[in-house]
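The values are calculated or read from the model by the stated rules, or taken from the named source; none is laboratory data. Computed from a prediction, not measured in an experiment: that's the story for all the values here. Ideal geometry is used to build each Cβ from the backbone, glycine not excepted, and the neighbour counts take in all protein chains shown.
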Amino acid sequence: MSSTSPAVSGLPEPSNQRIAIRLAAPAERAVKGGHPWVFADGIQQQNRAGSAGDIAVIFDRKGRFLAVGLYDPDSPIRVRVLHHGSPAKIDGQWFAHRLAEAAERRASLEAAGTNGYRLVHGENDGFPALIVDKYGLTYVIKLYSAAWLPHLRSVLQALTGQEQPERVVLRISRGMSRDPSQLYGLSDGMVLQGPPLQGPVHFLENGLRFESDVLLGQKTGFFLDQRDNRAEVEKLAAGRNVLNVFSYTGGFSLYAARGGALEVTSLDASKPAQAAAQRNFALNQGNAAVAAAVHQLLTGDAFELMNQLAEEGARFQMVIIDPPSFAKKKSEIDRAIASYRRLVRLGIDLLQRGGTLVMASCSSRVDADTFFDLIHTEARACGRPIQEIKRTSHALDHPITFPEGRYLKCLFGRVP
Ligand code: SAH
């Protein structure tokens with residue numbers, strides 16, 4: 001049994017006292033409909049002030065039981081529902097059951113040569129504001145709410161009981177990190193269990209080898225949500241010259257190469273990500289197609305470099321565009337849409353006739369219809385209306401159970 005960080009024993013015990021909460025009508029409707037969030041202004045009555053992580057029992061206006069959840073006095077999402085419909089005891093056993101269900105849902109992945117995936121996808125797997133990403137035998141727990149701190153020990157026990165990880169790393173959201181005094185000595189990047197970590201860890205995705213810097217990388221080190229879209233790219237890449245824009249550590253690039261692309265250009269503004277993309281290519285030289293592909297790096301701003309490439313007359317047979325979330329706030333939606341439009345135009349300008357455009361969005365605030373429509377509108381305006389090959393959304397390890405959880409969409413199209 002590997003060692004557990006002393007910080008874990010410094011965590012508080014969950015309180016025995018529950019909070020009784022009665023909802024106002026709109027919030028009552030939402031929770032009855034299975035929504036996992038209760039906002040502060042949806043609470044009509046509360047029997048006592050609570051602390052982060054207290055168990056809240058939610059009743060309707062007639063005093064009937066609706067749900068049980070985690071209380072967070074510092075978040076506008078005041079209660080995150082753990083269970084709807086009937087009373088339930090929330091303890092280590094409860095978390096162990098939810099975790100077993102989450103693993104069951106993903107059972108097919110390991111058989112397909114994938115040991116890096118999202119094991120727990122927050123609300124959608126019954127762990128609101130908590131994520132577990134798995135990279136081989138290294139597991140990363142990412143917390144988005146201090147309400148988990150009194151329950152973290154139980155979650156960790158459930159995880160180590162079920163999965164036998166070599167190592168469990170803790171990541172803490174930016175919001176939570178703002179007030180370290182609330183963290184009981186925990187810190188972002190702390191190893192909760194197992195040997196210390198230096199540098200990236202390695203894992204497999206559909207048989208391809210990748211590294212993930214779980215301490216310093218974006219998200220928990222890798223964009224696990226794009227696995228299925230990468231597999232689609234692999235199917236369409238044979239014999240092609242591919243441009244992968246916002247390539248991060250080269251996920252799409254590697255799949256294109258294994259799919260038989262002759263040349264792959266990875267474009268990203270981040271130098272560390274580019275270096276990791278190169279290392280990921282090196283890791284897969286055992287694959288003949290990857291070894292045969294010419295991989296090039298372009299480092300800098302995507303908009304500027306795409307413009308420049310177009311002016312220089314560069315043309316590709318496949319352009320993949322997977323930008324970061326442009327709309328984190330409501331006020332950013334219009335700008336995000338304008339950016340997507342520009343990227344579609346730039347992508348089309350860089351495509352040879354009959355080439356493939358792969359365009360993704362991870363902004364939950366730009367819905368799928370708006371996104372797909374704007375791609376078509378821009379393509380028509382360029383005089384090159386797209387023939388759709390495929391639209392995709394979430395992979396099975398990123399299940400979605402409520403509207404706000406939906407964020408990923410991707411269009412594959414042939415550009416005449
Ligand atoms: N497609 C990637 C994930 C993309 S994440 C994958 O499959 O793993 C978004 C990436 O965009 C990050 O790597 C970030 O460094 C990069 N980025 C953000 N703004 C950029 C810009 N203006 N120009 C180029 N790259 C940018």
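Key figures
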quantity: Single residue of H97, H151 found to be closer than 30 Å to V31 by Cβ, buried (at least 18 other Cβ atoms within 10 Å of the Cβ) and not hydroxyl-bearing (S, T, Y); calculated: H151
quantity: Residue ID - farthest from A112 (Cα to Cα), chosen from residues in region 222-233 that are touching a helix residue (DSSP H, G or I) at 6+ places or on another chain (Cβ under 9 Å) and more than 10 Å from the ligand (Cβ to nearest atom); calculated: E232
quantity: Matching residues in region 298-314 - criterion: being away from the ligand (no atom under 12 Å from the Cβ) and in contact with an Asp or Glu (Cβ under 9 Å, 6 or more places away or on another chain); calculated: L309, A310
quantity: Selection within region 374-391 - under 24 Å from the mean Cα position of the chain (by Cα) and in a helix (DSSP H, G or I); calculated: L374, I375
quantity: Test for G194: is it farther than 23 Å from L70 by Cβ and in contact with a strand residue (DSSP E or B) (Cβ under 6 Å, 6 or more places away or on another chain); calculated: yes
quantity: Any hit, region 36-48, residues being at pLDDT 95 or above, crowded, with 19+ Cβ neighbours inside 10 Å and touching a Phe, Trp or Tyr at 6+ places or on another chain (Cβ under 7 Å); calculated: yes
quantity: Residue among V366, V290 that is within 23 Å of S253 (Cβ to Cβ) and either without any contact (Cβ under 8 Å) to a residue 60 or more places away in the chain or crowded, with 21+ Cβ neighbours inside 10 Å (or both); calculated: V290
quantity: Matching helices (runs of 4 or more DSSP H) fully within region 1-110 where at least 3 residues are of a type outside the set (A, V, I, L, M) and in the same structural domain as P128 (by TED's automatic domain parsing); calculated: 92-105
quantity: Filtered residue count, region 135-150, keeping only those that are free of Cβ contacts under 8 Å to residues at least 40 places away in the same chain and in a strand (DSSP E or B); calculated: 2
quantity: Count of region 234-282 residues which are assigned to a helix (DSSP H, G or I), near the ligand (Cβ under 10 Å from one of its atoms) and of a type in the set (F, W, Y); calculated: 2
quantity: Any hit, region 8-29, residues being surrounded by fewer than 13 Cβ atoms within 10 Å (Cβ to Cβ), under 22 Å from A146 (Cβ atoms) and either small (G, A, S) or in contact with a Cys (Cβ under 7 Å, 6 or more places away or on another chain) (or both); calculated: yes
quantity: Within region 392-416, considering residues that are without any contact (Cβ under 8 Å) to a residue 60 or more places away in the chain and in a strand (DSSP E or B), the one farthest from H83 (Cα to Cα); calculated: G413
quantity: Of all residues in region 340-366 being touching a Pro at 6+ places or on another chain (Cβ under 8 Å) and part of a strand (DSSP E or B), the one that is nearest to the ligand (Cβ to nearest atom); calculated: A360
quantity: Test: residue in region 183-196 that is in the same structural domain as M359 (by TED's automatic domain parsing), without any contact (Cβ under 8 Å) to a residue 40 or more places away in the chain, surrounded by fewer than 19 Cβ atoms within 10 Å (Cβ to Cβ) and in a loop (DSSP other than H, G, I, E, B); calculated: no
quantity: Flag if L216 is modelled with pLDDT under 95 and either in the same structural domain as R167 (by TED's automatic domain parsing) or more than 10 Å from the ligand (Cβ to nearest atom) (or both); calculated: yes
quantity: Flag if F203 is outside any helix (DSSP H, G or I) and among the hydrophobic types (A, V, I, L, M, F, W, C); calculated: yes
quantity: Selected residue (only one of L343, L254, L298, L283 is crowded, with 20+ Cβ neighbours inside 10 Å, farther than 21 Å from S393 by Cβ, out of contact with any Cys (no Cβ under 9 Å at 6 or more places or on another chain) and among the aliphatic types (A, V, I, L, M)); calculated: L254
